[in-house]
Structure formats: structure tokens, C-alpha cells
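Here is the structure we will look at, set down as C-alpha cells.
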Amino acid sequence: MTDSPLATATAQILRAEQQPGQKPVIKTFFDEATFTASHVVHDPLTKTAAIIDSVLDYEASSGRTSHATAEQIVAYVKAEGLSVAWQLETHAHADHLSAAPWLQEQVGGKLGIGAAITHVQEVFGKIFNAGTQFARDGSQFDHLFHDGETFKIGALEAIALHVPGHTPADMAFIIGDAAFIGDTLFMPDYGTARADFPGGDARMLYRSIHRLLKLPCATRLFLCHDYKAPGRDTFAWETTVGAERAHNIHVHEGVTEDSFVQMRTTRDATLSLPTLIMPSVQINIRGGHMPEPEDNGVSYIKIPINTL
Ligand SMILES: [Fe+2]
């Protein structure tokens, strides 16, 4: 069966490799507190930009948010004279809060996420007993992307691919010749993302990863996280399809679906939940907005006891 979104993505990447104007400029901001790589990608011709997977600083002990990390992005956008068309989320993150609403106030841009966010909202809406005022239709976002949907960032061609597994709503955004693949693959020496959150599925993750690994070898991959593999002492967030195929410790060529599922499931059973999962999920399924304030004007984060 032909995978036409993948064929479209491949054709876009090959075109971009031939035309210097179709190569995006990418600047990454790495947040060491949450090990998150936020990317600002722009079209050099029109200076139109997208901000991918931004981070709102959050102090768990006090429940206070701040913007020092996101302010670096605003400063860069202003210094480069960029006009922000999109704030993109590769998925509803469980380990950091999104700064997208705050960034929208500062520099604009439509907030986009995968259409299956409605499924994630359903699952976590139940877990957090969110009540009927919490809409589970994705309406907190400006745009819901479907598999194979093409869009533009200035003159750059872009396409969204649905790559579920880590969560049901993960998307890869391919912009020119660069793919922003969220939490599917990590650096080759670190492996792959966990697949045990509610709605996650190791088998689905393997299939999504293999879809990405069919892209041209030279495709630049930009990751959402890095945790420094043992023996490596600097953070890294950029690799290629070819390097992942040859060297990824979990899914290099020759690793079968069943052996991956076995490895992933066994490993996931040993992992504790991310420190910020409670605030992250409740805020990120609301498009980065805080839960509706209570009658004293304060927003609260819930913690379900003996549930997750
Ligand atoms: Fe994630």
C-alpha cells in the first residue's frame, strides 16, 4: 500500500535539498530544567517563522510560573525581525508546560497540534475529572493538523505527519528539508521515547518511527528532548534519518517490531513518571492555559491519588 503523505513529505525534502531558498534556518533553545529543545524555524526569504515546543518555566514547590526561557525566544524573534505564523506543539507534553499562550501574546502565531489531541483530552479529562466545562474538542487550539496536511511557513513548504505511540496525538512537522519529530526518536545513542503514558502504545510507536525512517537518509531530524547518553557530556538535538537507521540503540536496522515492543515495555515498567506530569498534562491539554480559576480567582492543579 502506498503511503501518500510519506511520498509527499519525501518529495518536499528532495526539492528542498536542491533549492537553497527552501532550507529553513533553525535556532534551538535548550531548557536544562526539563531537558527540552524548543526550535524556532524560519524562512530566510520572507522571515516568517514557527516556534515548536516552547517551555514555560514552572517551579513545582511553589506553583509559580515564569518566562525566562520563553523570553530568550522572544528576544531572538525580535532581533532577527521574524514574523511568527505558527506556535506548534508536537504533542501534549507530560514533562514541561507549554509557553505557547504567553508567546502568542508577545509575538503572535496560530497554535497548532495534532487532531488526535481530542483523544488525549478525553483520556486525561477523565483521569483529572475535569468536569463538563473542559471542552474535549480541541477548541483550545487554533488549528488541528491531520496526517498528510500540507501548509506553508512563508515560502517554505511544510507537511504534518501523524506519528502516534508515545501519545495518541504525536505529530512530526516537516518543514523544507528538516523534520521536527517530537518524542518519537531520541539521539541514536539514547534510543526512543517511552510509550506507557495513558493512550501510549509501543507497537504503534515502532510503526510511526519506521514511517519516519523511510524519509531520505540526509533528512535532518530535530528532537524535542535530550538526556545525554552515558559517555556523552554535551546535549544534542539534531541528527539524520541515516544516523538513526544505522545507529539508534533501540530501532537500528534489523530490530523487529516484536523485539522492540518487548524492550520498550520492559524498560517503561522501570521508569517513574516525569516530575511535572500533573501540572504539564492539565495545562497542555488546555493549549497551555491554566485551569479555569475557582471563585477566589486562583487556578489549581489537581493530583489524583493512587490513579496514575
Ligand atoms: Fe513527550
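For residues that are assigned to a loop (DSSP other than H, G, I, E, B) and within 12 Å of the ligand (Cβ to nearest atom), scanning just region 169-192, find the one that is farthest from residue 150 (Cα to Cα).
Restricting to residues being assigned to a loop (DSSP other than H, G, I, E, B) and within 12 Å of the ligand (Cβ to nearest atom), the top hit is 186.
Which members of region 278-305 meet the condition of being among the aliphatic types (A, V, I, L, M) and open to solvent by less than 10 Å² (accessible area, probe 1.4 Å)?
Within region 278-305, 281, 283, 285 qualify.
Out of all the residues in region 1-28, which are within 13 Å of residue 156 (Cβ to Cβ), of a type in the set (S, T, N, Q) and touching a residue at least 12 places away in the same chain (Cβ under 8 Å)?
Selection gives 12, 22.
Is there any pair with a first residue in region 227-251 that is touching a residue at least 60 places away in the same chain (Cβ under 8 Å) and a second that is of a type in the set (D, E, K, R) and open to solvent by 60 Å² or more (accessible area, probe 1.4 Å) whose Cβ atoms are under 7 Å apart and which are 6 or more apart or on different chains, and what are they?
So the pair list comes out as 235/228; 249/189.
Can you tell me how many residues in region 243-274 are surrounded by 15 or more Cβ atoms within 10 Å (Cβ to Cβ) and closer than 17 Å to residue 215 by Cα?
Number satisfying all stated conditions: 6.
Could you tell me whether region 143-163 includes any residue that is hydroxyl-bearing (Ser, Thr, Tyr) and open to solvent by less than 50 Å² (accessible area, probe 1.4 Å)? Outline the logic, then answer.
Filtering region 143-163 down to residues hydroxyl-bearing (Ser, Thr, Tyr) leaves 150.
Subset that is open to solvent by less than 50 Å² (accessible area, probe 1.4 Å): none.
The answer is no, given that none of the residues of region 143-163 is hydroxyl-bearing (Ser, Thr, Tyr) and open to solvent by less than 50 Å² (accessible area, probe 1.4 Å).
Residues of region 32-42 being at negative phi and touching an Asp or Glu at 6+ places or on another chain (Cβ under 8 Å), which ones?
Hits for region 32-42 are 33, 34, 36, 37, 38, 39, 42.
List, please: which pairs have Cβ atoms under 8 Å, are six or more places apart or on different chains, and start with a residue in region 193-205 that is on the phi < 0 side of the Ramachandran plot and near the ligand (Cβ under 10 Å from one of its atoms) and end with one that is of a type in the set (Val, Ile, Thr) and part of a loop (DSSP other than H, G, I, E, B)?
Close Cβ pairs (under 8 Å, with a partner that is of a type in the set (Val, Ile, Thr) and part of a loop (DSSP other than H, G, I, E, B)) amount to 193/184; 197/167; 200/167.
If a residue must be part of a loop (DSSP other than H, G, I, E, B) and under 15 Å from the mean Cα position of the chain (by Cα), how many such residues does region 148-168 contain? Give the steps one after another, and end with the answer.
Of region 148-168, the ones part of a loop (DSSP other than H, G, I, E, B) are 148-149, 154-155, 163-168.
If we keep only those that are under 15 Å from the mean Cα position of the chain (by Cα) too, we end up with 163-168.
Counting residues in region 148-168 that are part of a loop (DSSP other than H, G, I, E, B) and under 15 Å from the mean Cα position of the chain (by Cα) gives 6.
Checking the conditions here, which among 192, 167, 132 is open to solvent by 40 Å² or more (accessible area, probe 1.4 Å) and of a type in the set (Val, Ile, Thr)?
132
Somewhere in region 160-175, is a residue in contact with a helix residue (DSSP H, G or I) (Cβ under 8 Å, 6 or more places away or on another chain) and modelled with pLDDT under 95?
No, there is no match, as no residue in region 160-175 is in contact with a helix residue (DSSP H, G or I) (Cβ under 8 Å, 6 or more places away or on another chain) and modelled with pLDDT under 95.
Considering only residues of region 203-241 that are among the hydroxyl-bearing types (Ser, Thr, Tyr) and buried (at least 20 other Cβ atoms within 10 Å of the Cβ), which is nearest to residue 260 (Cα to Cα)?
Result: 206.
Taking residue 218, is it more than 12 Å from the ligand (Cβ to nearest atom), out of contact with any Lys or Arg (no Cβ under 8 Å at 6 or more places or on another chain) and closer than 17 Å to residue 15 by Cβ? If you could, list the steps in order and put the result at the bottom.
On the way: more than 12 Å from the ligand (Cβ to nearest atom): yes; out of contact with any Lys or Arg (no Cβ under 8 Å at 6 or more places or on another chain): yes; closer than 17 Å to residue 15 by Cβ: yes.
Against the criterion (more than 12 Å from the ligand (Cβ to nearest atom), out of contact with any Lys or Arg (no Cβ under 8 Å at 6 or more places or on another chain) and closer than 17 Å to residue 15 by Cβ), residue 218 qualifies.
The values are calculated or read from the model by the stated rules, or taken from the named source; none is laboratory data. Given the structure is predicted, the values throughout are model-derived calculations rather than measurements. When we count neighbours, we look across all protein chains shown, and the Cβ atoms used for this are built from the backbone with ideal geometry, even at glycine. With ligands, DNA and RNA removed, areas are computed over all heavy atoms of the protein, side chains included. Shrake-Rupley method; radii C 1.70, N 1.55, O 1.52, S 1.80 Å.
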